[in-house]
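What follows is a short report on a single structure.
FYI, it's all coordinate maths here, none of it is from the lab. Worth saying up front: this structure is predicted, and the values here are computed from it rather than measured. Counting neighbours? That spans all protein chains shown, and the Cβs are built from the backbone with ideal geometry, glycine included.
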Amino acid sequence: GNPESFYQAVGGEQTFRGIVSRFYAEVAKDEVLRPLYPEQDLGPAEERLLLFLMQYWGGPHTYSERRGHPRLRMRHAPFQIGPIERDAWLRCMRVAVDEAPLTEEQRQQLWQYLEMAAHSLMNSWG
Ligand code: HEM
């Protein structure tokens, strides 16, 4: 990866793994989100989010090697994502980001992106 990337600055894969693993521990307990995940085992979904975030922040491009272009709006189209789902997703992610070993500036930068991304993936307003 690029040595000046956010990915490297926060400690690379280990830090992202910690965040995504904490996030999915929350998802597993969340009554809004858990039913949306079609697979019984959340492990594969966890791996996809991990690889996507690593790539987005300047780490290895393993996500695109395996999955192609992210096309996140298209890939979320099968799930109804309204304000309730978005807020549940952000609540789980907030726990994970708060516990991550980041500087306050890094935490803010990451959070700002995740909040924007979660808003942009909404596809239901009824
Ligand atoms: C996949 C829900 C926001 C990134 C999924 C899946 C669900 C889901 C149910 C399918 C699980 C799987 O991979 O098999 C949601 C909900 C969100 C949300 C309810 C609330 C807004 C986000 C955000 C990001 C993201 C903000 C990125 C910053 C991904 C990625 C995948 C995924 C990378 C796997 C795509 C693939 O390669 O197939 N999401 N998601 N999601 N989500 Fe989300």
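Principal axes first, then extents: for the Cα atoms of the chain, list largest minus smallest coordinate on each axis, whole Å, largest first.
Ordered largest first, the chain gives principal extents of 43, 31, 26 Å.
So which chymotrypsin sites (Phe, Trp or Tyr not before Pro) in segment 50-84 pass both tests, a DSSP loop state and at most 15 other Cβ atoms within 10 Å of the Cβ?
Hits after loop and neighbour filter: 79.
Against the longest principal axis of the chain, how steep is helix 104-120, in degrees 0 to 90 to the nearest 10, with axes from Cα atoms?
Around 30 degrees separate the two axes.
For the chain, what does -39500 (n - 2.57) per DSSP helix run (n ≥ 4), summed and divided by total residues, give at 222 nm, in deg cm²/dmol to the nearest 500?
-19500 deg cm²/dmol
Hey, got a sec? Which trypsin sites (Lys or Arg not before Pro) in segment 4-95 land in a DSSP loop and have at most 16 other Cβ atoms within 10 Å?
Answer in residue order: 71.
Sorted from fewest to most neighbouring beta carbons within 10 Å, what does the list 32, 20 look like?
Ascending number of Cβ neighbours within 10 Å: 32, 20.
Placing unit charges on C-beta atoms (Lys and Arg positive, Asp and Glu negative, everything else neutral), compute the dipole magnitude of the chain about its Cα centre in debye, rounded to 20.
380 debye
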